[in-house]
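Trainee: Sending over a structure as structure tokens; questions will come in a sec.
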Amino acid sequence: MKAKPMLMTLVAAVLSSMSLCAQDLRYNPSYDTERYEGQWPKGEGVLYSYEKGLVIGTFDEGRPEGRCVCYKPNGEVYWGDFRKGKATGHGRIYRDNGIVIVGEYRNGRYHGTDTLYRKNGTVHVGKYRKGKLKSKILDTSGMPASVGRKPDYPKVDLKRKHEDFLKELELLWEERNLRIRQNVGFVNPRFQGGSVDDFALWVNSRVDYPTRERNSAEGRTVIVEFFVMEDGSVAEVHAIFGSDAALNEAAVNAVKKSPKWEPGEQNGQKKRVKMTVPVVFSLD
């Protein structure tokens, strides 16, 4: 059983077209780059924004107002207070690299006393104004009693449409970063002389999935993330979008079979580069 080829832009279009069904639906007037779903004019809701990210919490006329969680396009997560649509008050930022920043914010920037917990256990406390460090209060290893323990990442029960939108944001963010790198002397990895789209064709022509999935797999999409290493090999392969474990495994196994690529380069130096490829299963 084989999968049909599908380009990255088509995957983004499919994800973005998924329906947002809810009572009392309103659209934020931002050239269709934002969609608000929830109570109007005030109350609980969800904002789907290609600029701000996914925001869940309380709103006033479609703008975050009060306590919210914001999943930003760059992967950061902000938990805390909003005022007039911007992070203002007390909040926390969680980053993929293990850093947590706790403190005061104003208009989306650090403003006040903020504590930075690093992944290696060190702690930095500083006084900020309009996003800039004005004075260092503390920078030490360990966990001083005056600072308190590093806060755990809170859990949120995300719905399927929330997760789909976050995957779409991740893809768009990766595409944006690729364009930026191309403008600063970066050369993308190449697969057999072509691009990641050519690799999508290669993967989709080789992936198999279990027979027991035959009746439920039609039209299912799995998005696989991987790294092209400095020697051109493929490593750290895993599915970042896909609701069926068997199909996820089949897509990952297909990517792992990849022959070597021409590695990415920046200013003549070979670089490790993160890539994504879609796999769409079909009975044809």
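Trainee: Which whole-number percent gives the relative contact order of region 33-140, counting Cα pairs below 8 Å spaced six or more residues apart? Before the final figure, lay out the partial values.
Mentor: Working: 278 pairs, mean separation 13.6, N = 108.
Computed value for region 33-140: 13 percent relative contact order.
Trainee: Find out how many positive minus negative residues lie around Gly193, taking Lys and Arg as positive, Asp and Glu as negative, among other residues whose Cβ is under 13 Å from that of Gly193.
Mentor: Within the 13 Å Cβ shell, the charges total -1.
Trainee: How big is the charge dipole of region 160-281 about its Cα centre, in debye rounded to the nearest 20, if each Lys and Arg gets +1 on its Cβ and each Asp and Glu gets -1 on its Cβ?
Mentor: Result for region 160-281 is approximately 140 debye, rounded to the nearest 20.
Trainee: Principal axes first, then extents: for the Cα atoms of region 25-168, list largest minus smallest coordinate on each axis, whole Å, largest first.
Mentor: Projected onto its principal axes, the Cα set of region 25-168 covers 48, 28, 23 Å.
Trainee: Next up: Is there a pair in Lys150/Lys270; Lys127/Lys159; Lys72/Lys271; Lys42/Lys274 whose C-alpha atoms are over 32 Å apart, and which pairs would that be? List each step's numbers first, then the result.
Mentor: On the way: Lys150/Lys270 36 Å; Lys127/Lys159 37 Å; Lys72/Lys271 26 Å; Lys42/Lys274 41 Å.
The pairs that break the limit, which is 32 Å between Cα atoms, are Lys150/Lys270; Lys127/Lys159; Lys42/Lys274.
Trainee: Further, regarding this structure: What are the principal axis extents of the Cα atoms in region 160-281, in Å, biggest first?
Mentor: The principal-axis extents, from largest down, are 49, 32, 20 Å.
Every number here is computed from the coordinates shown, using simple stated rules; none is lab data. Just so it is clear, the model here is predicted, and its values are computed rather than measured. Cβ coordinates were reconstructed from backbone atoms using ideal geometry, including for glycine residues, and neighbour counts include every protein chain displayed.
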